[in-house]
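The values are calculated or read from the model by the stated rules, or taken from the named source; none is laboratory data. Keep in mind the model is a prediction, meaning the values are calculated, not measured. Neighbour counts run over all protein chains shown; Cβ positions are idealised from the backbone, glycine included.
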């Protein structure tokens, strides 16, 4: 397996987070389906955008000569870690609000990873990474704001005096 630079490793991580986001949004769609059709539609869009992000990342990984397999292995490792976090956080008693709270944490992590990739590339100067980060970061920021807004919407419907 090829050794990865910090830039290549971070590309693998953001790819894996896009993979994990598809799984996470699918799980939260299941939780939210009975609650709010508008939130479900937003989640479906997020899932589609995560799939497009994964595709673009994999395409870019293919431009790193001899490194695509290692970058995608890094992605699978990151996706696996995300799946474990999802499984721990969202158990059988979880509801849509729990799901949106999880997505808020996950999306904040994605924004952070994309910002790190962009910063690493400020020195590396890889045109493909620059283009991808410029495309993906605003989407991830929108996803974070959407997750936060969904959490607030669902929390507004909760009775604060009800026992948990």
**Report entry** Only listed residue being in a helix (DSSP H, G or I), touching a helix residue (DSSP H, G or I) at 6+ places or on another chain (Cβ under 9 Å) and in contact (Cβ under 8 Å) with a residue 60 or more places away in the chain, chosen from 144, 137, 120
**Finding:** 120
Query raised in the report: Which ones in the stretch 88-97 are assigned to a helix (DSSP H, G or I), closer than 16 Å to residue 23 by Cα and in contact with a helix residue (DSSP H, G or I) (Cβ under 7 Å, 6 or more places away or on another chain)?
Result: 89, 96
Query raised in the report: Being surrounded by fewer than 17 Cβ atoms within 10 Å (Cβ to Cβ), free of Cβ contacts under 8 Å to residues at least 60 places away in the same chain, assigned to a helix (DSSP H, G or I) and under 15 Å from the mean Cα position of the chain (by Cα), is that true of even one residue in the stretch 55-68?
Result: yes
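In the stretch 70-103, what residues are under 10 Å from the mean Cα position of the chain (by Cα) and within 16 Å of residue 150 (Cβ to Cβ)? Write out each step before concluding.
Step one: of the stretch 70-103, the residues under 10 Å from the mean Cα position of the chain (by Cα) are 79, 82, 103.
Within the stretch 70-103, 103 is the sole residue that qualifies.
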Query raised in the report: Only one residue in 25, 30 is free of Cβ contacts under 8 Å to residues at least 12 places away in the same chain, under 30 Å from residue 155 (Cα atoms) and assigned to a helix (DSSP H, G or I). Which one?
Result: 30
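Quick one: which of 49, 35 is closer than 17 Å to residue 148 by Cβ and at pLDDT below 95?
35
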Query raised in the report: Only one of 12, 112, 99 is loosely packed, with under 14 Cβ neighbours inside 10 Å, out of contact with any strand residue (DSSP E or B) (no Cβ under 7 Å at 6 or more places or on another chain) and either under 19 Å from residue 152 (Cβ atoms) or modelled with pLDDT of 95 or more (or both); which?
Result: 112
